[in-house]
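Okay, so here's the structure we're looking at.
The values are calculated or read from the model by the stated rules, or taken from the named source; none is laboratory data. Predicted model only: the values in this text are computed from it and were never measured. Ideal geometry is used to build each Cβ from the backbone, glycine not excepted, and the neighbour counts take in all protein chains shown.
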Amino acid sequence: MKSLRANIWKIAILLTALFILLIAYGAYSLTTYGSRWFSTSANTYLRSAKQNVIPGDVQDVNGVTLLTANVAEDENGETTWSRVWPADQTLRQSVVHVLGDSQNNVSNGVEAFMANYLYGFEATFPERLGSFLSGQTRRGDSLTLTIDSALCRQITEWIAQDEALPDDVRGAVVVMNWQTGAVLAEMSFPSFDPLSSRSYRNDAGQPYFNRAIQGKYAPGSTFKIVTAAGILASPELRSQSFTCSGILRMDASGAHDITDAGTRLAEGQVVSHGQLDLQTAFRVSCNNAFAYAAWQLGDEQLKKTAQAFGFDDNFLFRDIVLENSAYPGADRSDWEIAMTGIGQSGLLLTPMHLCLIASAIANNGVMMEPRLLERAETAAGAERLHFTSAVYRTPLTDPDTIHSLRSYMYDVVNTAGGTGRAASLIGWRVCGKTGSAEIDGQENTNAWFTGFIDSEKAPYSVAILLEDVGGGGTYAAPLAQKIFKYLTAQVK
């Protein structure tokens with residue numbers, strides 16, 4: 001009998017512990033993922049509650065109204081409302097991905113992810129009671145975003161006017177303040193007009209897909225920023241020189257040769273850089289040098305460096321739902337490790353994450369959390385929330401490494417032979433890195449550019465992706481120059 005009672009107590013204690021663990025996990029999940037669950041289109045309570053609240057306005061950082069509500073009464077005297085977008089179609093198409101649309105075609109836009117503010121779920125009990133007693137339909141909070149809609153509109157026009165790009169170009173542009181993390185532009189192409197969104201449902205360009213935060217791509221040579229950070233942290237590797245013959249043979253068969261841009265083995269054309277140090281290899285974006293250095297560094301150390309920059313992390317930001325970036329798995333060949341060093345071989349990241357990486361170099365190794373929400377105000381005009389900047393992580397702490405990376409990125413844009421010369425700007429210290437990522441099934445490479453203005457007067461960073469067009473220095477860097485020129489013109 002005593003043995004039976006003892007076993008019953010053990011089972012009871014175990015069940016109690018499991019129940020407590022379940023409650024704790026539920027509380028953790030609710031705290032961590034609650035806002036994401038709440039904003040999902042599957043939340044039937046949210047869809048129903050929206051009908052009883054007039055949503056707040058959304059404006060950009062300069063006070064331009066991007067979304068408002070047209071309020072009317074139906075034949076029964078009931079209050080009705082409809083969302084009103086700007087009259088300017090180009091402006092609508094420039095901000096639709098960051099705002100989202102009422103049909104939930106765009107995932108995790110402001111309209112959905114910040115519904116708790118826009119539709120009054122953050123209202124206090126006295127506010128709700130006051131609306132009830134007055135008999136008036138409750139109004140949600142109005143939001144001010146960090147987005148600069150004029151800049152977004154200008155970027156749309158620049159891309160449309162660029163005769164070197166196809167009319168249906170796919171890609172993304174992210175612009176941030178590297179000191180604060182404030183996002184000035186989060187754009188995806190092709191875009192669509194939210195006032196006629198149904199006509200895009202079968203579009204092969206997937207205009208509803210937000211490539212800036214959802215698209216995961218091989219970073220190409222822009223990943224050499226991370227590889228260089230790992231090499232610079234190694235006393236044995238940082239001062240070595242490299243010999244680029246144009247072909248890096250990773251095995252005796254020759255099946256895994258690594259070549260530099262311009263090399264065409266089938267045509268007997270080989271482009272080589274000769275003898276060069278790490279800084280020169282970075283400036284000319286030498287694949288041979290970086291592939292060899294990554295192999296020397298080793299997969300474990302390269303992965304550790306990438307993870308310090310946020311690879312494999314579960315991004316949980318307050319304002320933005322960002323897809324996680326991935327470093328390739330374990331037990332890889334020498335060739336795969338070498339290819340990772342030049343931004344291929346299973347590496348995946350979003351344009352937003354790449355902008356965060358460049359921002360960290362600009363911000364003395366500190367990566368800020370990206371943010372969209374500047375302020376939330378009640379219908380009465382009282383400030384409900386004012387988000388402040390927050391540090392996401394600090395991937396770099398060594399001053400010499402930070403200084404070297406800044407210097408390397410400056411050379412890419414401002415020194416003869418640099419691949420990013422098209423992004424240079426007179427009177428400003430622009431730093432950057434180009435990339436041309438090879439993708440199976442594409443005729444051309446994906447063009448990348450990421451960089452920043454090295455000035456506290458104009459603390460801006462960019463990441464640009466243009467799919468299947470060619471080299472980053474040719475197609476993405478000129479757009480970066482236009483963006484930087486626009487931003488610096490606003491500096492007083």
- Evaluate the range 382-389: report whether one residue or more is out of contact with any His (no Cβ under 6 Å at 6 or more places or on another chain), aliphatic (A, V, I, L, M) and buried (at least 19 other Cβ atoms within 10 Å of the Cβ). no
- Query: In the set Ala360, Ala338, Ala376, which member is in contact with a helix residue (DSSP H, G or I) (Cβ under 6 Å, 6 or more places away or on another chain), under 20 Å from Leu297 (Cβ atoms), crowded, with 20+ Cβ neighbours inside 10 Å and among the small types (Gly, Ala, Ser)?
  - Reply: Ala338
- Count - residues of the range 436-462 that are more than 21 Å from Cys286 (Cα to Cα) and either surrounded by 24 or more Cβ atoms within 10 Å (Cβ to Cβ) or not basic (Lys, Arg) (or both): 14
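Find the residue count for the range 417-428, including only residues that are buried (at least 16 other Cβ atoms within 10 Å of the Cβ) and over 22 Å from Thr156 (Cβ atoms).
Qualifying residue count, the range 417-428: 6.
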- Message: Quick check on Met176: is it assigned to a strand (DSSP E or B) and farther than 18 Å from Asn108 by Cα?
- Response: yes
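Table: residues versus (1) over 30 Å from Leu373 (Cβ atoms); (2) touching a His at 6+ places or on another chain (Cβ under 7 Å); (3) not small (Gly, Ala, Ser).
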site	(1), (2), (3)
Ser149	no, no, no
Ser196	no, no, no
Tyr208	no, no, yes
Ala228	yes, no, no
Leu237	yes, no, yes
- Can you name the condition, by its number, that Trp158 falls short on among (1) in contact with a Lys or Arg (Cβ under 6 Å, 6 or more places away or on another chain); (2) crowded, with 24+ Cβ neighbours inside 10 Å; (3) of a type in the set (A, V, I, L, M, F, W, C)? (2)
- Just for helices (runs of 4 or more DSSP H) wholly inside the range 93-166: which have at least 2 residues that are without any contact (Cβ under 8 Å) to a residue 60 or more places away in the chain and either of a type outside the set (Asp, Glu) or more than 24 Å from Ala379 (Cα to Cα) (or both)? 125-134, 149-161
- In the range 258-298, the residues that are at pLDDT 80 or above, in a loop (DSSP other than H, G, I, E, B) and farther than 19 Å from Thr419 by Cβ: Gly298
- For the range 224-257 the number of residues that are farther than 14 Å from Ala294 by Cβ, of a type in the set (Ser, Thr, Tyr) and assigned to a loop (DSSP other than H, G, I, E, B) is 3
- Message: Any residue that is touching a Ser or Thr at 6+ places or on another chain (Cβ under 6 Å), crowded, with 19+ Cβ neighbours inside 10 Å and over 30 Å from Gly470 (Cβ atoms) - is there at least one of those in the range 113-133?
- Response: yes
- Task: Identify all residues within the range 71-92 that are among the polar types (S, T, N, Q), closer than 26 Å to Arg138 by Cβ and either in a loop (DSSP other than H, G, I, E, B) or at pLDDT 90 or above (or both); write none if there are none.
- Result: Asn76
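Listed here are the residues, each with its yes/no results for (1) of a type in the set (A, V, I, L, M, F, W, C); (2) out of contact with any Pro (no Cβ under 9 Å at 6 or more places or on another chain); (3) crowded, with 22+ Cβ neighbours inside 10 Å.
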residue: His273; (1), (2), (3): no, yes, no
residue: Leu276; (1), (2), (3): yes, yes, no
residue: Arg283; (1), (2), (3): no, yes, yes
residue: Cys286; (1), (2), (3): yes, yes, yes
residue: Phe290; (1), (2), (3): yes, yes, yes
residue: Leu302; (1), (2), (3): yes, yes, yes
residue: Asn324; (1), (2), (3): no, yes, no
residue: Pro328; (1), (2), (3): no, yes, no
residue: Ser333; (1), (2), (3): no, yes, no
- Message: Whether any residue in the range 463-471 is surrounded by fewer than 24 Cβ atoms within 10 Å (Cβ to Cβ), of a type outside the set (S, T, N, Q) and touching an Asp or Glu at 6+ places or on another chain (Cβ under 8 Å) is what I want to check.
- Response: yes
- In the range 471-491, anything in a helix (DSSP H, G or I) and either within 29 Å of Thr259 (Cβ to Cβ) or small (Gly, Ala, Ser) (or both) is listed as Gly472, Gly473, Thr474, Tyr475, Ala477, Pro478, Leu479, Ala480, Gln481
- Are any of the residues in the range 324-342 part of a strand (DSSP E or B) and under 16 Å from the mean Cα position of the chain (by Cα)? yes
